[in-house]
Amino acid sequence: MKTEKTLSGWRDWLLAETPESALQARLSRIYLSWLSFKRNPLAVIGLLIVVFLVLIAIFAPWLSNHLPTDQNLADRLQPPSSKYWLGTDELGRDIFSRVIHGSKITLYIVFLVAIIVVPLGLFVGTTAGYFGGITDKILMRITDVFMAFPRLILALAFVAVMGPSIENAVIAITITSWPPYARIARAETITIRHSEFILAVQQQGASAWRILLKHIVPMCTSSVIVRLTLDMAGVILIAAGLGFLGLGAQPPSPEWGLMISQGRQYLLDQWWVSTIPGIAIFIVSLGFNLLGDGLRDVLDPTNN
């Protein structure tokens, strides 16, 4: 009973119509967003999939029953069994362990791409939108050049120049992924740069860069986060595509695209070698898409 009263008191505090502090207002907004988010069951499923991916990546050494690179030629191409839950590949490596450890590579790629493309896209877009003129024209023409090419084709070109590796694949994906974020940030900056609160800050003597960092960038962040979440499925597919073509992660790395490539010649008879990592890519991509749809409904003001 005491716990229920405590929780009820917290809810009343978070749902107060007149917040008494900035902290209460922020927490109230987060709580209301969560209430809106959890009303979408598909979005909750997407969140659970992404959280499950993170947990698997963290606890991979304890969840896998074999090392991902251990070879046992006597047990090569074994079907799923009690010893090898998802079977083995052409070198006798446990597919379950390789898929589990491959989640770390997927999360590594997603994390690196996210922490690079978001600041880059926000910087280019808000700078172009706020200053306008020749600055806007130069930055947007550069953006148009990158958007003129299909992302996978452009990523292939960059990796071919830099050499095949997972780090170069991340760089190539990043280089080809930032333009949409710049476009979104520019559009929102143009919308709000003449708002009354921006004019008030300008009258107080704030510099242009302070206005960008303290006021405009936070206003653009929610839309960029939504776009980022929706784009993660595409990032995973491009990374898997580069691995499949031998331009991403290199053997014996348990990267899912590389695993599909190595098992494609056994697809008809030993279907599990390629199918299992393919299912992993499908589930994780679906999770990010569902999560992105839910976040769009919550964070995008045009959908409220």
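Only the coordinates and a few stated rules stand behind these numbers; no lab work does. All of these numbers come straight from a predicted model, not from anything done at the bench. Cβ: placed from backbone, ideal geometry, glycine included. Neighbour counts: every protein chain shown.
Tabulated values for the structure
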quantity	calculated
Among 73-81, 44-52, the order from most to least packed when residues are scored by Cβ within 10 Å on average	44-52, 73-81
Helix-only CD estimate at 222 nm, as mean residue ellipticity for the chain, using -39500 (n - 2.57) per DSSP H run (n ≥ 4)	-23500 deg cm²/dmol
P(r) histogram, all alpha-carbon pairs of region 106-190 included - 10 Å bins from 0, percent	19, 44, 29, 8, 0
Whole-number percent relative contact order across region 79-194, with pairs defined as alpha carbons under 8 Å at least 6 apart	32
Peptide ranges 206-212, 109-115 listed from the most packed, as the mean C-beta count within 10 angstrom indicates	109-115, 206-212
Angle in degrees between helix 133-147 and the longest Cα principal axis of the chain, rounded to the nearest 10	20
Stokes-Einstein D in µm²/s, Kirkwood radius over Cα pairs - region 40-143 at 4 °C with 1.567 mPa s viscosity	76
Whole-number percent relative contact order across region 245-288, with pairs defined as alpha carbons under 8 Å at least 6 apart	30
Pairwise centroid distance, computed over Cα atoms, of region 124-167 with region 171-229, Å	18
Relative contact order of the chain, defined on C-alpha pairs under 8 angstrom at six or more residues apart (%)	23
Pairwise Lys count, the chain - Cα closer than 28 Å, eight or more residues apart or different chains	5
